[in-house]
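*Asks:* If you scroll down you'll find the structure; I have some questions about it.
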Amino acid sequence: MIELKNIQKAYGDKDSAVHALAGVSLTIKRGDFVTIMGPSGSGKSTLLHILGLLDQATGGEYLLENHPVTGLSDRELSRIRNEHYGFVFQSFNLIPELTAIENVALPLRYAGETKKAALARALGLLASVGLDKRAWHYPSQLSGGEQQRVAVARAIANEPDVIMADEPTGNLPSGTGAEIMRLLTDLNAGGVSLVVVTHDDHIGAMGHTRVRLCDGLVEAVAS
Amino acid sequence: MKARLAAYLARRFAKGKLSELMLMALGVAVAVFTSATAANATIASRDEGRRLLETPDYLQIQVAPAMMMRDSDEAIERLDSEETVPLVPLVDLADRLLTEVPALSGSFSAQRVNFTVGEASARGQQFPGAGLPGLGGLAGPGGFEGGGLPPEGFGDPALAEVAEAMLADSSTPAMDAAVTQEPSSLTPPLVERVPGARVDASFFDSFRLRLASGGFFSADDITKRNSVLVAGHALAATLYADGLALGRNIRLDGVTYTIIGVLQPSQANFDGRAIDDLAFVPNTRFSFVAGGRAVSFSAGQLTFMAKDAASVDAALAGIQSFLDREIGAGAMRLSSRRAELTERLGVQDTLFWTAFFLAAVCVLVAALNLMNSAATHAVKRRRTLGMLRAIGATRADTILAALYENAIPAGGGMLAGLALAVILARRSAGLLVPWTTNLVLPLLPGLFAALAAALVPLAVGIIPAVFFSHSAPANLVRPE
Ligand SMILES: Nc1ncnc2c1ncn2[C@@H]1O[C@H](COP(=O)(O)OP(=O)(O)O)[C@@H](O)[C@H]1O
Ligand SMILES: [Mg+2]
């Protein structure tokens, strides 16, 4: 589904450039569960951002369903993110001015659904993560684990092909983190591809494809 | 659809900023209010000034000796030494001046006085025989002919004695009439003081005054100093509630005047008083012979009238060169009320621009306040913008949301401020410019203030959103 070929990412000027990614090749198949591990600063987040079309590589090739994404417009990229990808970040995922249900409804509304339909579906999504009772609460009124569950609900709002999560349990106590991982793996079991960046060896070991990054290079891939 | 979504987000984002919005509205209101009322006040008084400039009052050019002889000892000394240069025969020169300077339309001599109803005030500032006829033929070296009020400096007891001596010798029909006047026909003193003016016959012409009833002074009234009186419209109504002023007698400063005319209402002023309120009596000329030369002098200041507002400067120059030539450079002093008012209007212009500048500063402060809060909100929203991009918002979507978000407080503040400013300006304008009854809010400064208050923060508010939109979403979602 997604194929990265020799992806490079350099930050800054030519002379003093930081090579966050120094040539990464990776394939994410439909329904796959990929975990990305590696020391801090090894380029995990950078890789996830490029995978999620949130950033552009400075070298290499990104193929989506065998089509290169280079040259796609902001509009087209936004549509891909909206309809095919779902994101869960480590923290502050939610828009603080919006309630939980409004946060979940937002991707639906960007997809063109009416407010009413979007809210109705958002409530169902919140129910699926066990938070329908907290639908009209603001993020500041929710616990860290609840916020991450809302983020998961939002990530799956448009039934994405792949969910990309950057240390989704990094800020959570282990019990709560396990709940979030269970939500994600259940989704994966339902056919959604899953890419999870993690520091946690236990979570790392859960992946069907396990990628190890070091200094912007893939150190090892295990399946 | 996209626009509605952006508007929805903007509303939600702006929701927590209500108190801020109110503060901004207040800031804008103060800015608009300051500029509006300042402009109001200055425009109104400037308009009033411009209107005044077109009135006959401001066509006047006064001529006076550069050195007034305030010290009567000095006056007598000068008369004795036959040094009469400062006491120029102004009135005699007036006719020649009028023909020589085309910018002039006429001249009159007049002096503002305040009459006491009944007998003359105890201080004896007035000649008791003022206005009494039949005192001719007393001319001699250093001697005054006639009564009336001499120019300042002549109200000296020593001179008054001379006049009283002259009066003692005289026995005239008019005097008898005054004495034999039936007390009942005299005006009961409804008022104690009557503002007035001693004027010559051309005064009424110069001020384009019309009669409601009766007549003006005749040439005889002036030369013979008849005790007749022309009353301003309001004065006549005040003195005689029955409206029958004409033909009645009134005793002012010990002289009984017969009212021979009542003026129609007039907008004009003389020497700062409404013509309507004044009592006009003949201005006496007095003359003396000095150095074998007869000099006639008007009691009041000699005033020339320029043809119109545009010819005042030419008239001033013409009179000055004539007097310099005929009397000597620097001997006479000219003053023009127009020049004074023009100078004041210039000050008003400065005031207007100062007020305008201050208002602009207020607008700027309000705008800066709004800008500041818009900027902090935008920075705080960096991550939100990143999230929106991650879940499907395009660059344009985020900018549109920011536009709406800032348009809400900017527009709401502007409207609320404008409404408040209009109310405040209307309420206070009457206090600032009391003579302006029909005040119109100045559109341009108000619009300027409102637009500045709305557009500047709006523009600055969306700059961060535009700036962030050029960033990859990854840079926005990364924790700082
Ligand atoms: N915007 C940026 N500008 C410059 N350097 C960056 C930027 N983002 C990341 N980096 C650098 O790229 C490297 C990889 O970062 P990151 O992908 O966040 O690592 P990880 O997620 O594995 O901790 C790090 O050295 C980091 O300092
Ligand atoms: Mg990271």
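The values are calculated or read from the model by the stated rules, or taken from the named source; none is laboratory data. All values derive from a computational prediction rather than experimental measurement. Glycine also receives a Cβ, built like all others from the backbone with ideal geometry; neighbour counts cover every protein chain displayed. Side chains are part of the model used for accessible areas, which takes the heavy atoms of the whole protein and leaves out ligands, DNA and RNA. Shrake-Rupley method; radii C 1.70, N 1.55, O 1.52, S 1.80 Å.
*Asks:* From the list A:Ala117, A:Ala151, which one is in contact with a strand residue (DSSP E or B) (Cβ under 6 Å, 6 or more places away or on another chain), open to solvent by less than 50 Å² (accessible area, probe 1.4 Å), more than 9 Å from chain B (Cβ to nearest Cβ) and modelled with pLDDT of 95 or more?
*Replies:* A:Ala151
*Asks:* In the range B:380-428, what count of residues is obtained for those that are more than 14 Å from chain A (Cβ to nearest Cβ), out of contact with any Leu (no Cβ under 9 Å at 6 or more places or on another chain) and not small (Gly, Ala, Ser)?
*Replies:* Of the residues in that region, 5 qualify.
*Asks:* Of everything in the range A:23-64, what is within 16 Å of ligand 2 (Cβ to nearest atom), assigned to a loop (DSSP other than H, G, I, E, B) and within 14 Å of another protein chain (Cβ to nearest Cβ)? Give them in sequence order.
*Replies:* Residues satisfying the conditions are A:Ser40, A:Gly41, A:Gly43, A:Gly52, A:Leu54, A:Asp55.
*Asks:* I want to confirm something. Restricting to the range A:8-34 and keeping residues that are crowded, with 23+ Cβ neighbours inside 10 Å and not charged (D, E, K, R), which single residue is nearest to ligand 1 (Cβ to nearest atom)?
*Replies:* Selected residue: A:Ala20.
*Asks:* If a residue must be out of contact with any helix residue (DSSP H, G or I) (no Cβ under 7 Å at 6 or more places or on another chain) and within 20 Å of B:Leu52 (Cα to Cα), how many such residues does the range B:324-343 contain?
*Replies:* Matching residues across the range B:324-343 total 5.
*Asks:* Can I ask one more? Does any residue of the range A:91-114 turn out to be within 16 Å of ligand 1 (Cβ to nearest atom) and within 14 Å of chain B (Cβ to nearest Cβ)?
*Replies:* yes
*Asks:* Which one of the conditions (1) modelled with pLDDT under 95; (2) away from ligand 2 (no atom under 16 Å from the Cβ) does A:Val18 fail to meet, given that it meets all the rest?
*Replies:* (2)
*Asks:* Among the residues of the range B:4-27, are any hydroxyl-bearing (Ser, Thr, Tyr) and modelled with pLDDT of 80 or more?
*Replies:* The answer is yes; a qualifying residue exists.
*Asks:* So, in the range A:180-206, of the ones that are within 16 Å of ligand 1 (Cβ to nearest atom) and assigned to a loop (DSSP other than H, G, I, E, B), which residue ends up farthest from the other protein chains (Cβ to nearest Cβ)?
*Replies:* A:Asp200
*Asks:* Ok, one more. Just wondering, is there one or more residues in the range B:470-480 that are at pLDDT below 75, under 30 Å from A:Ser73 (Cβ atoms) and within 16 Å of ligand 2 (Cβ to nearest atom)?
*Replies:* Looking for residues that are at pLDDT below 75, under 30 Å from A:Ser73 (Cβ atoms) and within 16 Å of ligand 2 (Cβ to nearest atom), one finds at least one in the range B:470-480, hence yes.
*Asks:* Which one of these does A:Ala135 not meet: (1) closer than 30 Å to A:Pro173 by Cβ; (2) open to solvent by less than 10 Å² (accessible area, probe 1.4 Å); (3) within 14 Å of chain B (Cβ to nearest Cβ)?
*Replies:* The failed condition is (3).
*Asks:* Hey, among the residues in the range B:172-206 that are part of a strand (DSSP E or B) and among the charged types (D, E, K, R), which one's modelled with the lowest pLDDT?
*Replies:* B:Arg193
*Asks:* Residues that are more than 14 Å from the chain's Cα centre (by Cα), within 16 Å of ligand 1 (Cβ to nearest atom) and surrounded by 18 or more Cβ atoms within 10 Å (Cβ to Cβ): does the range A:216-223 have at least one?
*Replies:* Checked the range A:216-223: at least one residue is more than 14 Å from the chain's Cα centre (by Cα), within 16 Å of ligand 1 (Cβ to nearest atom) and surrounded by 18 or more Cβ atoms within 10 Å (Cβ to Cβ).
*Asks:* Return the residue satisfying two criteria in turn: it lies in the range B:241-262 and is under 24 Å from B:Phe207 (Cα atoms) and among the hydroxyl-bearing types (Ser, Thr, Tyr), and of such residues it is surrounded by the fewest Cβ atoms within 10 Å (Cβ to Cβ).
*Replies:* Checking each candidate, the answer is B:Thr258.
*Asks:* Next up: Scan the range A:88-100 residue by residue and report those that are farther than 12 Å from B:Ile391 by Cβ and buried (at least 23 other Cβ atoms within 10 Å of the Cβ).
*Replies:* Listed by number, the list holds a single entry, A:Ala100.
*Asks:* Can you spot a residue in the range A:68-87 that is open to solvent by 50 Å² or more (accessible area, probe 1.4 Å), away from chain B (no Cβ under 14 Å), more than 13 Å from ligand 1 (Cβ to nearest atom) and within 30 Å of A:Ser128 (Cβ to Cβ)?
*Replies:* No, because not a single residue in the range A:68-87 is open to solvent by 50 Å² or more (accessible area, probe 1.4 Å), away from chain B (no Cβ under 14 Å), more than 13 Å from ligand 1 (Cβ to nearest atom) and within 30 Å of A:Ser128 (Cβ to Cβ).
*Asks:* What do you reckon, is A:Gly86 closer than 19 Å to B:Arg383 by Cα, assigned to a strand (DSSP E or B) and either away from ligand 2 (no atom under 16 Å from the Cβ) or in contact with a strand residue (DSSP E or B) (Cβ under 7 Å, 6 or more places away or on another chain) (or both)?
*Replies:* yes
*Asks:* Here is a further query. Within the range B:207-240, track down each residue that is open to solvent by less than 20 Å² (accessible area, probe 1.4 Å), assigned to a helix (DSSP H, G or I) and in contact with a Gly (Cβ under 9 Å, 6 or more places away or on another chain).
*Replies:* Passing the criteria: B:Leu235, B:Ala236.
*Asks:* Now for a different question. Checking A:Ala165 against (1) surrounded by 22 or more Cβ atoms within 10 Å (Cβ to Cβ); (2) assigned to a loop (DSSP other than H, G, I, E, B); (3) within 16 Å of ligand 2 (Cβ to nearest atom), which test does it fail?
*Replies:* If we test A:Ala165 against (1) surrounded by 22 or more Cβ atoms within 10 Å (Cβ to Cβ); (2) assigned to a loop (DSSP other than H, G, I, E, B); (3) within 16 Å of ligand 2 (Cβ to nearest atom), just (2) comes out false.
*Asks:* So, A:Ser143, is that one open to solvent by less than 10 Å² (accessible area, probe 1.4 Å) and either modelled with pLDDT of 95 or more or at negative phi (or both) or not?
*Replies:* Spelling it out, it is not the case that A:Ser143 is open to solvent by less than 10 Å² (accessible area, probe 1.4 Å) and either modelled with pLDDT of 95 or more or at negative phi (or both).
*Asks:* While we're on this one: Does the range A:65-77 hold any residues that are part of a helix (DSSP H, G or I) and either of a type in the set (D, E, K, R) or more than 17 Å from B:Leu476 (Cβ to Cβ) (or both), and which are they?
*Replies:* A:Asp74, A:Arg75, A:Glu76
*Asks:* A further question follows. How many of the residues making up the range A:47-67 are hydrophobic (A, V, I, L, M, F, W, C) and either open to solvent by 60 Å² or more (accessible area, probe 1.4 Å) or more than 16 Å from ligand 1 (Cβ to nearest atom) (or both)?
*Replies:* So the answer is 2.
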